[in-house]
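What follows is a single structure, written as structure tokens, with notes after it.
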Number of protein chains: 2
Amino acid sequence: MTAPDGPFVLEGRPTAQLIADQLREQIVQGIFRPGQQINESVIAGQLRTSRGPLREALQRLCQEGILVSHRNRGVFVHELSIQDIREIYAVREAVESTAADALLDAGAKRVKDTCQLLKKIIRDMAKQVALSDWQAIARLDMEFHTTFVAGAGNTRLIRIYQTLAAESRMCILNLEVSYPRIDVLVEEHQNILDLLEAGDREELHKAIKRHMQKAVEDLTASSEEMHIAN
Amino acid sequence: MTAPDGPFVLEGRPTAQLIADQLREQIVQGIFRPGQQINESVIAGQLRTSRGPLREALQRLCQEGILVSHRNRGVFVHELSIQDIREIYAVREAVESTAADALLDAGAKRVKDTCQLLKKIIRDMAKQVALSDWQAIARLDMEFHTTFVAGAGNTRLIRIYQTLAAESRMCILNLEVSYPRIDVLVEEHQNILDLLEAGDREELHKAIKRHMQKAVEDLTASSEEMHIAN
DNA sequence: GAACTGTAGATTGTCAACAATAGGCGATGT
DNA sequence: ACATCGCCTATTGTTGACAATCTACAGTTC
């Protein structure tokens, strides 16, 4: 499905995709704020390219829903409402649950390999928790979940989840929410990993559900005190 | 969320999106075959625009996964393998199940309104079955499911499902499969509608699962005899 | 005859100039 | 003082031209 395309294909990926990836990363890092307009000329200059390729990249991000386009006015970073947060985490729960089932059905080896990757991410996460590097923690949090979904081997699920992960990072960063209870963060992910390793389908689903519900509670609670639109 | 943007905003939607919608429709109707290259100059001419806006639209469809882009070679209609079919229907099952839960949780009025829309689609479908208009049947089939998901009111779920619906139509058309048992088609959808109306969550999930599994069986069986790549 | 090389054609990738539109700002009139 | 009208600037939308790259084919050599 995702063909290796032969060895050493230098820069084989389309330009628009490369630019889109860079922009997405900058957006989730909060370099662009929600509601902010993307000035095509300025950004094109910064990325050492011209408006043509940049506009193609912007269309990709519009399709993802990270940006919104208003005709004759330009593209803007999507402002996330509380309703959006609820949506995002509802869909994340659905996707992860589906991925969990697919992964468990895919056989013990697949599960084992995935657990191996997840363990490393949790170790890194614990390190960053000690350093209190929130940016890195948010990244690793999403990397954990993305890796989890990737384990299922369903390319469409992965593609869908990548957008959701980006939006989740926007939620966390843009609402300027630090993780409320940092101590349970590693613990919760470890719990999911343990249940996956044990193959306990039922409890795994419940754990994912709890994980998402907790996140929504934290995010919506903190955004209410910040007067974010409902 | 999806703002009406005021009354009478003539052609308010961005150009790239309009072009992308037109192209997607042409692709699912089989005007472009899988694997076929999209010649930018030719298509731009046909759509009475230039290569710039067209390329922006192509990027949107690449992001959806309907087209694939190879650097310095162009974009091509994605060729669906049997593995792809399994993926698409697995994700569809997950999305529809999620939508079903959300819809039932959204209250009786929402359910009732959605059922009203679904009933009309089923009536239309029965009509087209009588006429044996396969193209129209495929369209209504997807319209039924899209309307079902839309009932949940989750914009991200809707967006995700629109792509899946397009890919499903490509499966049906491109594999040149007529619906194998046309008589049960209306019946199966009516069954889903009945269970939704009755609010029988458990049976609804099972019905959706059966519906998808049956579709995969039909599609994979017919593509095997057609020597499609596994 | 097979393999390799160089050339030609077509197609995509990129860019810069031009056209069109929206929103801001000041002038004007009531 | 307030509202309205009209201009002005900044930004986007569109186009055509140019550069880079790939594929196919013919010619050459072993």
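The values are calculated or read from the model by the stated rules, or taken from the named source; none is laboratory data. This is a predicted model, so every value here is computed, not measured. When we count neighbours, we look across all protein chains shown, and the Cβ atoms used for this are built from the backbone with ideal geometry, even at glycine. What goes into the accessible areas is simple: the full protein's heavy atoms, side chains included, and nothing from ligands, DNA or RNA. Shrake-Rupley method; radii C 1.70, N 1.55, O 1.52, S 1.80 Å.
Free of any trypsin sites (Lys or Arg not before Pro) that DSSP assigns to a loop and that have at most 11 other C-beta atoms within 10 Å, the longest stretch within chain B is B:74-180.
Principal-axis analysis of the Cα atoms of chain B puts helix B:155-174 at an angle of about 80° to the longest axis. Toward the positive end of the charge dipole of chain A, with +1 on the Cβ of Lys and Arg and -1 on the Cβ of Asp and Glu, the farthest Cα among A:His189, A:Ala90, A:Leu47 is that of A:Leu47. Work out the count of Lys pairs in region B:82-225 where the Cα-Cα distance is under 21 Å, with the pair 8 or more places apart or on different chains. Total qualifying Lys-Lys pairs in region B:82-225 comes to 8.
Treating each Cα of chain B as an identical point scatterer and summing with the Debye formula, the log10 of I(q)/I(0) at q = 0.08, 0.13, 0.16, 0.17 Å⁻¹ comes to -0.32, -0.85, -1.21, -1.31.
The angle between the Cα long axis of helix B:134-150 and the main principal axis of chain B comes to about 70°, on a 0 to 90 degree scale. Taking chain B as a Gaussian network of alpha-carbon nodes connected by springs under 10 Å, the highest mean-square fluctuation of the residues B:Tyr161, B:Tyr179, B:Tyr89 belongs to B:Tyr179. Residues in region B:67-107 near a label at A:Ala106, defined as backbone nitrogen under 19 Å from the 7 Å Cα→Cβ point? Answer for this model: B:81-95. On a 0 to 90 degree scale, rounded to 10, what angle separates helix A:51-64 from the longest Cα axis of chain A? Helix A:51-64 sits at roughly 40 degrees to that axis. Taken residue by residue and averaged, Cβ atoms of other chains lying within 10 Å of the Cβ of A:98-108 number 1.
Any idea of the accessible area per residue across chain A, 1.4 Å probe, to the nearest Å²?
Values: 11230 Å² over 230 residues.
With the other protein chains kept in place, chain A gives 49 Å² per residue.
The mean count of C-beta atoms from other chains within 10 Å of the C-beta of residues in A:15-21, rounded to a whole number, is 3. Between the residues B:Leu157, B:Leu23, B:Tyr179, the greatest Cα displacement towards the positive end of the dipole of chain B, with unit charges on the Cβ of Lys, Arg, Asp and Glu, is found for B:Leu23. In the assembled protein chains, B:Glu64 presents an accessible area of approximately 20 Å² (probe radius 1.4 Å).
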